[in-house]
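Participant: Attaching a single structure in structure tokens format; questions to follow.
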Amino acid sequence: MSDSQGWGTDPGGAPAAGEAPVQGHAPTVPVAPTPPVQPGPVGLVYGDVANRVIAIVIDAILIGIVTAILQVFVGLVFGPAYSLTLAGALSDVGFGVNYLTVFIDAIVGIAVSFAYFYLLWTTQRATLGMRVLALQVGNETDGATITSNQAMVRWAALFGPAALSQAFWPVPALGALIGLASFVWVIVLLVTTAQSPTKQGLHDRYAHTMVVKVVRTVA
């Protein structure tokens, strides 16, 4: 898709609501656009929290599969991240943590996540999960494909705390503290997105982006 492309195009390639498909040489009949559910660009509605959460869950499953495969190779090279030693008595059971492997696993997960969202946001305007829900992300003012800087800021605001939590959670106290902060931040993003008239959570406000859902007409 072109970087100059604005709102109104389905990431899947289908015409937006109110756009009549051309068939042969039949005369074009004007079709009134379907009024959006909320005020906003014609043929689009703001992406609601439920749809966006489902999209992220789909993305997380895909990222998790790729990350797990890569982490198998990390474990083969640097040893398993965790080990359990069993002895004769229950009191002799030992649990070990290979912090090097845990750290590398975290870096791998962060790298896969960043590459996935960054590349799809800046080239396709939507992740695979977003495409399933007919969502797309663009610049808040004109709907243009977001820039590299916007993608980096948006990813950091969305997943930065979770990434830190993943990297440091085996560390006593510090890992738990970062994990709690990450959970609170997720709640903040959900609440600010739901309360925003344009469904822009703090991450979208920081990156100056907006998520919309393509309205489809019934044939």
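So that you can scan it fast, the table gives a plain yes or no per residue for (1) in a helix (DSSP H, G or I); (2) touching a Lys or Arg at 6+ places or on another chain (Cβ under 7 Å):
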{"site": "Ala126", "(1), (2)": "no, no"}
{"site": "Met130", "(1), (2)": "yes, no"}
{"site": "Gly138", "(1), (2)": "no, yes"}
{"site": "Thr141", "(1), (2)": "no, no"}
{"site": "Gln150", "(1), (2)": "yes, no"}
{"site": "Pro161", "(1), (2)": "yes, no"}
{"site": "Leu164", "(1), (2)": "yes, no"}
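Participant: If you go through segment 173-218 one residue at a time, how many are surrounded by 15 or more Cβ atoms within 10 Å (Cβ to Cβ) and of a type in the set (Gly, Ala, Ser)?
Facilitator: 6
Participant: Would you please list the contacts, defined by Cβ atoms under 7 Å and residues six or more apart or on different chains, that run from a residue in segment 112-135 that is within 15 Å of Leu44 (Cα to Cα) to a residue that is among the acidic types (Asp, Glu) and buried (at least 17 other Cβ atoms within 10 Å of the Cβ)?
Facilitator: Listed pairs, sorted by first residue: Ala134/Asp10.
Participant: What is the one condition in (1) within 20 Å of Ser113 (Cα to Cα); (2) without any contact (Cβ under 8 Å) to a residue 40 or more places away in the chain that Leu158 does not satisfy?
Facilitator: Exception for Leu158: condition (2).
Here is a yes/no grid of residues against (1) at pLDDT below 95; (2) in contact with a Gly (Cβ under 6 Å, 6 or more places away or on another chain); (3) at positive phi:
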| residue | (1), (2), (3) |
| --- | --- |
| Trp155 | no, no, no |
| Phe168 | yes, yes, no |
| Ala173 | yes, no, yes |
| Gly179 | yes, no, no |
| Thr192 | no, yes, no |
| Gln200 | no, no, no |
| His208 | no, no, yes |
| Val211 | no, yes, no |
| Arg216 | yes, no, no |
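Participant: Name the single residue that is surrounded by the most Cβ atoms within 10 Å (Cβ to Cβ) among those in segment 123-162 being more than 13 Å from the chain's Cα centre (by Cα) and aliphatic (A, V, I, L, M).
Facilitator: Ile146
The values are calculated or read from the model by the stated rules, or taken from the named source; none is laboratory data. These numbers come from a predicted model, not from an experiment. Glycine gets a Cβ as well: all are built from the backbone with ideal geometry, and neighbour counts include every protein chain shown.
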